[in-house]
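Below: the structure, in structure tokens.
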């Protein structure tokens with residue numbers, strides 16, 4: 001509330017400073033380009049400022065001249081407007097006529113009732129001392145020419161004074177840019193030098209790039225509108241082109257405001273409806289092409305602000321600073337987003353305003369499963385698969401979700417039914433991906449079909465461990481055969497199975513957070529019975545001290561410990577490369 005109050009009541013001081021700062025960012029690339037070519041800084045600043053404000057002055061004078069001429073010619077368009085109004089009246093539908101007749105009838109009845117009440121009041125006896133009130137009407141005196149000129153000059157003093165302040169601030173900020181930067185760095189503290197430098201660099205580059213590109217795009221839009229209106233035959237095409245270029249700086253509503261006056265003039269100028277319809281189509285086509293083809297091509301990722309956040313920010317700045325706030329809303333919002341990206345106390349601004357994903361794919365997938373929205377959860381995986389392999393989808397989305405569910409279940413945060421839904425949905429997902437034509441490209445392990453790897457998967461605790469092994473089997477090479485044991489298999493039964501059919505490797509799956517004691521016990525028993533058998537333990541998505549965890553498990557007999565499926569595939573690849581020469585011999 002204090003910040004909002006400061007912005008609102010401090011508008012006369014803050015608005016020129018903010019505007020001058022943004023103009024300084026806009027002129028900075030041109031000034032730097034001249035300085036690097038050995039032009040004195042003062043000369044570079046003055047030349048760039050003179051060019052900019054000279055162009056703005058020329059545009060303002062041209063617009064004012066055409067606008068004054070338009071005001072003089074407006075009475076000549078009266079006949080065309082009358083004919084179009086007559087056309088509209090003649091084209092009224094029967095429904096509209098009925099509505100009009102009903103309104104007229106109701107109005108007549110109300111008028112008749114009012115007249116009866118007035119007549120009754122006149123017939124009532126009044127006291128002799130009572131007199132009817134005399135109506136009084138205040139008529140303002142006509143202004144003299146001197147007063148008119150004084151009123152016009154006083155109306156222009158405020159904007160001209162603000163423009164002068166902004167011009168002076170731009171010149172001095174451009175001259176002392178390095179000094180201002182050093183002062184900001186000193187204010188932030190030498191210990192934060194790296195962070196502050198990175199923040200200022202990104203802030204300056206984003207703002208300068210956006211303002212420059214936005215000026216070019218809006219200028220091109222105004223040029224297109226002006227040429228189009230000249231081709232249609234609308235008078236004062238240059239004025240409407242300049243107006244379209246300037247109003248398009250206002251997000252969302254600027255184009256609508258810019259199109260209103262030209263369409264009205266075309267309706268008054270042309271005797272038929274072809275003129276206003278042509279102007280309307282011109283604005284629609286120009287805006288659609290600019291917004292959907294030109295801006296994505298030039299901006300790339302855009303200003304770095306989410307569209308909904310930008311709309312809300314536009315409403316906020318418009319409420320705080322009026323029309324100037326609407327024009328400055330995007331650069332101000334970008335500045336706040338960049339500050340929130342690098343300054344921890346302002347991180348909520350980056351989360352609310354930034355265009356990056358608010359939640360990771362695994363968090364979105366888990367949240368949708370908790371909400372029992374299986375369809376949208378599947379959509380999250382499908383969207384992730386557009387830019388990632390199946391192995392990455394398992395490692396970065398599905399397995400972290402299973403691990404988070406295990407942690408939440410151990411704390412009692414999710415119900416058994418939610419846990420079962422997560423397991424069943426994940427199992428169905430793995431089965432559905434079996435027909436994915438791109439799935440086979442995920443496995444990086446090449447094996448000899450004559451010497452397939454025989455792997456036994458041992459889930460430690462529950463179905464989640466079993467699902468992780470199924471995913472490993474899904475991305476394993478075609479000739480790596482993974483047999484997944486049942487979760488309820490006893491250790492003695494496991495040892496008997498290994499003795500009956502000796503495998504090339506045993507993979508123990510344990511998502512955690514529990515199960516460490518069972519992992520130690522199974523590793524120790526297998527190592528005692530099979531001293532040379534490779535044992536790989538998968539502590540998938542483990543978040544603790546990996547070094548300590550790996551050391552403890554290896555002390556119980558494990559050969560390797562991994563936390564990702566990709567690392568497990570690398571282990572299989574190394575094992576296969578060792579077996580191929582033996583098979584060939």
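Odds and ends about this structure:
- Model label sites at residue 383 and residue 487, defined 7 Å from Cα along the beta-carbon direction, differ in position by 3.0 nm.
- With the convex hull drawn around the C-alpha atoms of the stretch 361-424, the volume per residue stands at 68 Å³.
- Whole-Å distance, taken between Cα centres, linking the stretch 507-579 and the stretch 212-266: 68 Å
- Debye intensity ratio in log₁₀ form over the Cα atoms of the stretch 1-56, taken at each q of 0.19, 0.31 Å⁻¹: -0.71, -1.17
- A Förster radius of 51 Å combined with the Cβ-Cβ distance from residue 39 to residue 367 puts the calculated FRET efficiency at roughly 0.35.
- Sorted by Cβ density within 10 Å, fewest first, the residues 45, 484: 484, 45
- Two-decimal log10 I(q)/I(0) for the stretch 307-353, as the Debye equation yields it once each C-alpha is a single scatterer, q = 0.15 Å⁻¹: -0.35
- Paramagnetic reach from residue 346 (point 7 Å along Cα→Cβ, amide N under 16 Å) across the stretch 198-229: 198-208
- Proxy reagent accessibility, fewest Cβ within 10 Å first, across 196, 24, 6: 6, 196, 24
- Each of 62, 314 was scored by other Cβ atoms within 10 Å of its Cβ. Listed from fewest to most, they are 62, 314.
- Efficiency of FRET between residue 13 and residue 427 - r from beta-carbon atoms, R0 60 angstrom, step 0.05: 0.40
- Whole-number D in µm² s⁻¹ for the stretch 186-310, Kirkwood Cα-pair radius fed into Stokes-Einstein, 10 °C, 1.306 mPa s: 97 µm²/s
Values quoted throughout were computed directly from the atomic coordinates according to the rules given, and no laboratory measurement underlies them. For clarity, every value in this text was computed on a predicted model and none was experimentally measured. With ideal geometry, Cβ positions are generated from the backbone for all residues, glycine too; neighbour counts draw on all protein chains shown.
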